[in-house]
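The values are calculated or read from the model by the stated rules, or taken from the named source; none is laboratory data. This structure is a prediction, so every number in the text was calculated from the model and none was measured. Note: ideal-geometry Cβ built from the backbone for every residue, glycine included; neighbour counts use all protein chains shown.
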Amino acid sequence: MTSDDQVVFIVDDDARLREALGDLLDSHGMRAIAFGSAGEYVRADKPDVPACLILDIELPDINGLDLQRQIADGDHPPIVFITGHGDIPSSVRAIKHGAVDFLTKPFSDADLMAAIGAAIAEDRDKRAERAELSALGQRYRELTPREREVLPLVVSGLLNKQAAAELGISEVTLQIHRRNVMHKMAAASLADLVRIAERLEIPITHSRRVGGN
């Protein structure tokens, strides 16, 4: 793993601290990009790699907790808060809304690096999850309209003959569509197809039953 595989964003209005954090990260072979305000961070073009956001609470343009709330709906990196004015309500709010850690200055290099490592690992997992979901969505879009009708009936647990009757087609035709769905969705089993349908939040209109054909 190289420094190009990951990045740490630092948002703090203390230039000396930004420099010190940059030096610390460089000593660990990690790339850092520093900003003096939340606005600079939000406007900047950012590399699309696993990342961590080190965010100060007290910034010149916005409170760090408010920035966390504003970017919550976007694909932002996990946050490690740092502050010289920590209090329990702020730390509870930060962690409740997904922050990896809340460190009060002065904090140890070891604690900070551990938090950064956890944040980047979390971001890698989220990125892998999004990539997998995107691939599943692409497979689903490649299904024919009829196959999209067959899929929810199959994962609901209907027998082939029941699903065929629901669609007004023959059981043989239903079986052909079912095989095509399994193949196109790269599902190894019915249980796998059920998991995929759940991941894609495909509406199931029939109660799942025990049994199958």
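No other residue among ASP75, ASP56 is in contact (Cβ under 8 Å) with a residue 12 or more places away in the chain and within 17 Å of ALA15 (Cα to Cα) apart from ASP56.
Only one of the numbered conditions (1) among the aliphatic types (A, V, I, L, M); (2) touching a Pro at 6+ places or on another chain (Cβ under 9 Å); (3) surrounded by fewer than 18 Cβ atoms within 10 Å (Cβ to Cβ); (4) within 30 Å of LEU67 (Cα to Cα) is not met by VAL100, and that is (3).
Looking only at segment 1-41, how many residues end up being of a type in the set (Val, Ile, Thr) and over 21 Å from ARG130 (Cβ atoms)? The total comes to 4. Test GLU166 against the stated conditions and say whether it is among the acidic types (Asp, Glu), in a helix (DSSP H, G or I) and at pLDDT 95 or above. When the stated conditions are applied, GLU166 does not pass them.
No other residue among ALA135, ALA114, ALA119, ALA110 is assigned to a helix (DSSP H, G or I) and either at pLDDT below 95 or under 30 Å from ARG178 (Cα atoms) (or both) apart from ALA135.
Condition check ((1) closer than 22 Å to VAL42 by Cα; (2) exposed (fewer than 12 other Cβ atoms within 10 Å of the Cβ)) across all residues:
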| residue | (1), (2) |
| --- | --- |
| ILE79 | yes, no |
| GLY84 | no, no |
| ILE88 | no, yes |
| ARG93 | yes, no |
| PHE107 | no, no |
| ASP111 | no, no |
| ALA118 | no, no |
| ASP123 | yes, no |
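In this structure, does ASP48 turn out to be surrounded by fewer than 16 Cβ atoms within 10 Å (Cβ to Cβ), touching a residue at least 40 places away in the same chain (Cβ under 8 Å) and closer than 23 Å to ASP125 by Cβ? When the stated conditions are applied, ASP48 does not pass them. For ARG146, state whether it is farther than 30 Å from MET30 by Cβ, among the charged types (D, E, K, R) and without any contact (Cβ under 8 Å) to a residue 12 or more places away in the chain. Spelling it out, it is not the case that ARG146 is farther than 30 Å from MET30 by Cβ, among the charged types (D, E, K, R) and without any contact (Cβ under 8 Å) to a residue 12 or more places away in the chain. For segment 12-29, indicate whether the set of residues that are among the hydroxyl-bearing types (Ser, Thr, Tyr) and free of Cβ contacts under 8 Å to residues at least 24 places away in the same chain is non-empty. Among the residues of segment 12-29, at least one is among the hydroxyl-bearing types (Ser, Thr, Tyr) and free of Cβ contacts under 8 Å to residues at least 24 places away in the same chain, which makes the answer yes.
Quick one: which residue in VAL154, VAL150, VAL194 is surrounded by 12 or more Cβ atoms within 10 Å (Cβ to Cβ), within 27 Å of the chain's Cα centre (by Cα) and not assigned by TED's automatic domain parsing to the domain that holds LEU55? Among VAL154, VAL150, VAL194, only VAL194 is surrounded by 12 or more Cβ atoms within 10 Å (Cβ to Cβ), within 27 Å of the chain's Cα centre (by Cα) and not assigned by TED's automatic domain parsing to the domain that holds LEU55.
Within segment 107-137, the set of residues being under 30 Å from VAL194 (Cα atoms) and touching a Leu at 6+ places or on another chain (Cβ under 7 Å) comprises LEU136, GLY137. For segment 64-74, the tally of residues that are surrounded by 15 or more Cβ atoms within 10 Å (Cβ to Cβ) and either not assigned by TED's automatic domain parsing to the domain that holds THR104 or not β-branched (Val, Ile, Thr) (or both) stands at 4.
From the list VAL11, VAL42, the one residue that fits, being out of contact with any His (no Cβ under 6 Å at 6 or more places or on another chain), more than 17 Å from PHE102 (Cβ to Cβ) and crowded, with 17+ Cβ neighbours inside 10 Å, is VAL42. Look at ASP26 and say whether it is modelled with pLDDT of 95 or more and of a type in the set (Asp, Glu). So ASP26 passes the test.
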